[in-house]
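Every number here is computed from the coordinates shown, using simple stated rules; none is lab data. Quick caveat, the model's predicted, so the values are computed rather than measured. All Cβ positions, glycine included, derive from the backbone under ideal geometry; neighbour counts span all protein chains shown.
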Amino acid sequence: MKIYRDLFKKLAHQYRVSDPDSFNLKDVDPKDTGGLEGGDKDEAKKVLEDAKHELRDLQNVLYADDKWSILLIFQAMDAAGKDSTIEHVMTGINPQGCQVSSFGVPGPEEMEHDFMWRCINKLPQRGRIGIFNRSYYEETLVVRVHPQILEGQKLPDQFKREEIWQERFEDIRNFEKYLARNGTLILKFFLHVSKEEQKKRLLRRLDRPEKNWKFNVNDVHERQLWYNYQMCYEEMIKETSTEYAPWFVIPADHKWFTRSVVASAVEQAIESLNLQYPRLEHHDHEKIKRGRDLLENEDD
Ligand code: ATP
Ligand code: MG
């Protein structure tokens with residue numbers, strides 16, 4: 001078992017984009033399973049279970065320590081498995097210490113603000129884990145693929161210029177550096193699904209009545225812009241994968257694999273903080289002794 005645990009931690013490290021300048025999305029095969037085969041599926045599932053256990057303990061220390069916050073950002077094409085990965089990796093964690101926020105098409109109130117505002121409102125407190133299911137990165141993806149969305153934004157015209165994407169990348173890098181310097185550990189996951197696998201999953205949404213509600217005809221239209229999206233994703237990753245807020249590009253055609261890699265990456269990153277339960281001071285020991293005396297000598 002330990003062999004598999006170590007293997008997944010190694011894989012998680014491998015999928016981290018540590019040299020963004022030479023990053024090429026084509027080098028990551030969505031079907032990749034790190035050399036594992038279908039027969040290793042059960043072991044991979046055990047890794048996920050173990051990592052979840054570990055995460056629950058780590059989250060308790062994180063909460064007690066009350067200094068760091070963890071921000072996990074998930075981006076992907078439709079049906080890549082964001083929702084189910086988040087669900088699988090995070091079940092088991094105390095819900096009071098973890099909040100998932102999903103970001104869809106901005107509403108009228110959100111349109112009245114700068115592009116990061118709605119996400120800033122959902123940043124995790126110290127001692128908590130915040131998960132973004134899509135994020136401000138959509139402003140360099142869907143908005144870039146559909147120029148009419150930018151047209152419709154209430155941004156002054158002088159800023160709607162060619163350089164806007166580079167400017168957004170720069171703003172995001174600066175913002176994430178600011179968060180990191182304030183004690184937010186940021187990990188970003190791009191779940192990389194293939195076009196064929198997406199088709200299968202969308203068809204499954206049509207075939208199975210209990211999945212019909214998930215089907216959105218718009219996903220089929222977006223799919224036709226696959227290559228534009230891939231180009232935008234690649235540039236986004238190159239421009240915003242940093243030491244302090246790295247991207248992990250995780251193969252996503254096999255869900256059992258994706259989940260175990262993501263859980264291992266999160267576990268490894270929180271472990272590296274070396275968190276400890278707060279140590280008691282001398283006067284705290286006195287308080288504990290007094291509390292015990294009071295409880296033990298209480299009149300019934
Ligand atoms: P699923 O994978 O199950 O389809 P989802 O994350 O796609 O889930 P939806 O509610 O179907 O959730 O879609 C959210 C939509 O909102 C996406 O198409 C996304 O591109 C869009 N969106 C998110 N942020 C923005 C933004 N800032 N501007 C415009 N559209 C956005
Ligand atoms: Mg969708």
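So here's what we get for this one:
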| quantity | calculated |
| --- | --- |
| Estimated 222 nm signal from helices in the chain, with DSSP H stretches of n ≥ 4 weighted -39500 (n - 2.57), rounded to 500 | -15500 deg cm²/dmol |
| Rounded to 10°, Cα long-axis angle of helix 226-240 versus longest principal axis of the chain | 50 |
| Tilt relative to the chain, helix 195-207 - C-alpha long axis, 0 to 90 degrees, to 10 | 80 |
| Cα-based Kirkwood hydrodynamic radius, the range 126-224, one decimal, Å | 16.8 |
| Protection proxy ranking, peptides 206-212, 41-47, 85-91, average beta carbon neighbours within 10 Å, highest first | 85-91, 41-47, 206-212 |
| P(r), alpha carbons of the range 136-286 - 5 Å bins starting at zero, rounded % | 2, 7, 13, 14, 15, 15, 12, 9, 6, 3, 2, 2, 1, 0 |
| The range 2-296: projected area of the alpha-carbon convex hull, averaged over directions, in nm² | 19.9 |
| Ratio Rg/Rh, restricted to the range 145-184 and using Cα atoms, in which Rh is the Kirkwood radius | 1.12 |
| Extension gain (nm, one decimal) between W213 and M111, 0.36 nm per residue minus Cα-Cα | 34.0 nm |
| Gain on full stretching of the segment that runs from R279 to Q230 - 0.36 nm per residue minus C-alpha separation | 12.8 nm |
| Flagged links, alpha-carbon separation over 29 Å, of K9/K177; K41/K67; K67/K122; K45/K238 | K41/K67; K45/K238 |
| Calculated SAXS-style log₁₀ I(q)/I(0) at q = 0.17, 0.20 Å⁻¹ - the range 94-161, Debye, Cα scatterers | -0.67, -0.85 |
